[in-house]
Amino acid sequence: MPTTPTPPANLTWQKATDDASTPEYIEVAFGGDDNVYLRTNTEPDNIVATTRTKWDAFVLGVKAGEFDHFAEL
């Protein structure tokens, strides 16, 4: 099983929402190590990582509507 890389200490976390009333949200940070780090604001020490290549493919899929069926749940 692959291990999650240790996140760099100087990451700049970005909220995935601009709605200040949202109690829970995802934060994303782009490391200089070609990794993208994700966490929730409610569990900031629980960080997962993916590669920039995989992140870019995910974003393209979102823009293309590949995950729209999840919004219907």
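Quick rundown of the values:
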{"item": "Residues of region 1-32 satisfying the condition of being among the acidic types (Asp, Glu) and surrounded by 10 or more Cβ atoms within 10 Å (Cβ to Cβ)", "result": "27"}
{"item": "Selection count, region 49-73, where residues are loosely packed, with under 11 Cβ neighbours inside 10 Å and within 15 Å of residue 4 (Cα to Cα)", "result": "0"}
{"item": "Odd one out for residue 35, checked against (1) out of contact with any Pro (no Cβ under 6 Å at 6 or more places or on another chain); (2) surrounded by 11 or more Cβ atoms within 10 Å (Cβ to Cβ)", "result": "(1)"}
{"item": "Filter result (hydroxyl-bearing (Ser, Thr, Tyr) and assigned to a helix (DSSP H, G or I)) within region 30-73", "result": "53"}
{"item": "Selected residue [in contact with a Lys or Arg (Cβ under 7 Å, 6 or more places away or on another chain) and modelled with pLDDT of 90 or more] from 28, 62, 36, 48", "result": "36"}
{"item": "Residue 37 being farther than 20 Å from residue 8 by Cα, among the aromatic types (Phe, Trp, Tyr) and touching a residue at least 12 places away in the same chain (Cβ under 8 Å)", "result": "no"}
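The values are calculated or read from the model by the stated rules, or taken from the named source; none is laboratory data. These numbers were taken from a predicted model, which means no experiment stands behind them. So basically every Cβ, Gly included, is an ideal-geometry build from the backbone, and we count neighbours across all protein chains shown.
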